[in-house]
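Enquirer: This is the structure, below, for whatever I ask next.
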Amino acid sequence: MKAVLPLFIFVDACGWEIIKNDPFARDVAPNRKRLDSVFGYSSACVPSILSGRWPDEHRNWCYFVHDPKNSPFKSLRWLRWLPEKITSRRIFRRWLSKFVKVQLSFRGYFDLYNIPFKHIAQYDFTEKKSPLQPGGMNRGPNIFDFLVQRKISYHVSAPQKTEEQNLNALISDIKSENIDFAFLYWPALDGLLHRVGNQSPLVPEKLRDYERWIRQLLSVAEEHYAEIRLYIFSDHGMANCDVLLDLKSKIELLPLRMGKDYAVVYDSTMARFWFFNERAREQITSTLKGVPQGRILPESELKTLRAHFADGYFGELIFLASEGVLIVPSHMGERPIRGMHGYHPRAPHSYAMLCTNQPEIPEDVVGITDTFRLMTRDAELAAMRNSTPERKAYEQPSLVS
Ligand SMILES: [Zn+2]
């Protein structure tokens, strides 16, 4: 039996609005708090949680950037000759993404989404490493570097496994009493919310599944650890998409050529532009100013959101859709989906949450980046208290008679 297990359970897209009026995990983690999210998608939020730093520090923000010099996708250009009927299909894209991921030895999450093959050699993908591993950040350390450095043994979920497989892997590590820290990652609620929106009865149903798993986990953990410090938390919420915005058609009406005058990535809530001449900058800027379903984010606001990049790496101009507006078709998808995140962090459905069995949540824990401090604090506490008298004795053999 060990003294303490810090148990961090990350439920993707389980926003404050999702649980606000739901009894989710109240019996095991009654202390709840709404947390500010980070501007961006999971590609920005997850690394921010894992490092306690902001996108302008760790440089894990949006997946695709215009960077023809460093593009690893040159070998895919021939695919532009295949009929779009085939190459725009999700099943084909998924299969190809898996193949490309192995070929390019990408270690994180990778999807080609809906990036057109005609232009793919102009883009680079920014998450080549896995943020769920030590050394996985684009810049600086994460929680796993912290744990390795201090020789604190830990468990972390493997994204290629199912939620239940990850649950069982953790249960078996708990039984072995080999770990002093656990990070469990459940991504399926995010996928469900994208599909069915935040009002579907399937959402509370999924929360009940999670509660059952959490209880199962706790009942095993209680047999092996005297104290379990439980934290259930998320990265963002999910807004229903009731308005569709075909931004691409508006831009393509302009007498400008993609790749020659400008480059763009249409994310589902953002459009990020790079300009190669003033004419393109002026025409695109004035077109975007006439789109009422969103707005251009000024530099000062991007700086406040800690997502301003002076080198324009992620785009020289960022257009952000209002909450509930889905940019479609986009480079993320050809067809509409019911729910989306990646809106302004102050939009109601962007807020994340933290539920814990700890009586107090420190006052300075206000945003998802602050969960990092809870993780480091509890990991150090567990490492200290779990270092058993036997181990201490072993380390100091003179004390053993
Ligand atoms: Zn998502």
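Enquirer: Given contacts defined as C-alpha pairs under 8 Å and at least six residues apart, what's the relative contact order of the range 168-240, whole-number percent?
Expert: RCO, the range 168-240: 44 percent.
Enquirer: While we're on this one: Looking at the chain as a GNM with Cα springs under 10 Å, which of Leu254, Leu35, Leu320 has the largest mean-square fluctuation?
Expert: Its mean-square fluctuation being the largest, the pick is Leu254.
Enquirer: With the contact rule set at Cα under 8 Å and sequence spacing of 6 or more, what percent relative contact order holds for the range 286-383?
Expert: Averaging sequence separation for qualifying contacts and normalising by length gives 17 percent for the range 286-383.
Enquirer: Heads up, I need the accessible area for His224: 1.4 angstrom probe, whole protein in place, Å², nearest 10.
Expert: My reading of the accessible area for His224 is about 30 Å².
Enquirer: Please list, in order, the residues from the range 224-259 whose amide nitrogen is less than 16 Å from a point placed 7 Å along the Cα→Cβ vector of Glu282.
Expert: Residues passing the 16 Å test: 254-257.
Enquirer: Using R₀ = 25 Å, calculate the FRET efficiency as 1/(1 + (r/R₀)^6) where r is the Cβ-Cβ separation of Gln149 and Arg107; round to 0.05.
Expert: Computed FRET efficiency for Gln149 and Arg107: 0.80.
Enquirer: Work out, step by step, the length gained on full extension between Lys98 and Lys289: first 0.36 nm times the residue separation, then minus their alpha carbon distance; give nm to one decimal.
Expert: Working it through step by step, the gained length comes to 64.9 nm.
Enquirer: Give me, ordered by chain and number, the residues 5 or more places off Tyr225 or on other chains with an amide H under 5 Å from its own placed amide H.
Expert: Lys2
Enquirer: Just how large is the dipole of the range 1-75 about the Cα centre, in debye to the nearest 20, putting +1 at every Lys and Arg Cβ and -1 at every Asp and Glu Cβ?
Expert: Computed about the Cα centre, the dipole is about 160 debye.
Enquirer: When the dipole is taken about the Cα centre of the range 112-210, and only Lys, Arg (+1) and Asp, Glu (-1) are charged at their Cβ, what size is it in debye, to the nearest 20?
Expert: Using Cβ point charges on Lys, Arg, Asp and Glu, the range 112-210 gives about 280 debye.
Enquirer: Related question: Take the alpha carbon gyration tensor of the range 239-294, find the square roots of its eigenvalues, order them as a ≥ b ≥ c, and report rounded if a/c is under 1.5; if not, report prolate when a/b exceeds b/c, else oblate.
Expert: prolate
Enquirer: Okay, helix-only estimate at 222 nm for the chain: each DSSP H run of n ≥ 4 adds -39500 (n - 2.57), divide by all residues, round to 500 deg cm²/dmol; what do you get?
Expert: Mean residue ellipticity at 222 nm (helix-derived): -10000 deg cm²/dmol.
Enquirer: If you don't mind, there's one more thing I want to ask. Note the per residue figure in Å³ for the convex hull of the C-alpha positions in the chain.
Expert: Measuring per residue, one finds 153 Å³ for the Cα hull of the chain.
Enquirer: What is the gain in length, in nm to one decimal, between Glu84 and Lys175 on full extension, counting 0.36 nm per residue of separation less the C-alpha to C-alpha distance?
Expert: Going from the current span to full extension adds 27.6 nm.
Enquirer: If you take every DSSP beta bridge fully contained in the chain, what fraction is antiparallel? Give it as a percent rounded to 5.
Expert: In the chain, DSSP labels about 55 percent of beta bridges as antiparallel.
Enquirer: Let me ask another. Please give the residues of the range 130-149, grouped as numeric ranges, whose backbone N is less than 14 Å from a label point set 7 Å along the Cα-to-Cβ vector of Ala158.
Expert: The answer is 133.
Enquirer: Okay, moving on. Based on DSSP, what percent of beta bridges with both residues in the range 202-321 are antiparallel, to the nearest 5?
Expert: Around 90 percent of the beta bridges assigned by DSSP in the range 202-321 are antiparallel ones.
Enquirer: Distance check, please: which entries in Lys118/Lys303; Lys33/Lys206; Lys161/Lys248 exceed 30 angstrom between their Cα atoms?
Expert: Lys118/Lys303; Lys161/Lys248
Enquirer: Need one number: convex hull volume per residue for the range 289-331, Cα atoms only, in Å³.
Expert: About 92 Å³ per residue, rounded to a whole number.
Enquirer: For the range 261-401, what class follows from the C-alpha gyration tensor (a ≥ b ≥ c being the square roots of its eigenvalues): rounded when a/c is under 1.5, otherwise prolate if a/b is larger than b/c, else oblate?
Expert: Prolate is the answer for the range 261-401, as a/c is 1.5 or above and a/b outweighs b/c.
Enquirer: Going from most exposed to least, what order do Asp364, Asp180 have by accessible area with a 1.4 Å probe?
Expert: Listed by decreasing accessible area, they come as Asp364, Asp180.
Enquirer: Suppose R0 equals 51 Å; then what is the FRET efficiency for Ile296 and Gln165 from their Cβ-Cβ distance, rounded to the nearest 0.05?
Expert: The pair Ile296/Gln165 has a calculated efficiency of 0.70.
Enquirer: Further question on the same structure: Only four residue types carry charge here, +1 at the Cβ of Lys and Arg and -1 at the Cβ of Asp and Glu. Report the dipole size of the chain about the Cα centre in Debye, rounded to the nearest 20.
Expert: Approximately 1380 debye in magnitude.
Enquirer: Follow-up. Under the classification rounded if a/c is under 1.5, otherwise prolate if a/b is larger than b/c and oblate if not, where does the range 1-140 fall, given a ≥ b ≥ c as square roots of the Cα gyration tensor eigenvalues?
Expert: Here the range 1-140 falls in the prolate category.
The values are calculated or read from the model by the stated rules, or taken from the named source; none is laboratory data. Quick caveat: nothing in here was measured; it's all calculated off a predicted structure. Please note: Cβ atoms are built from the backbone with ideal geometry, for glycine as well, and neighbour counts cover all protein chains shown. To get the accessible areas, we keep the full protein, side chains included, count just its heavy atoms, and leave off ligands, DNA and RNA. Shrake-Rupley method; radii C 1.70, N 1.55, O 1.52, S 1.80 Å.
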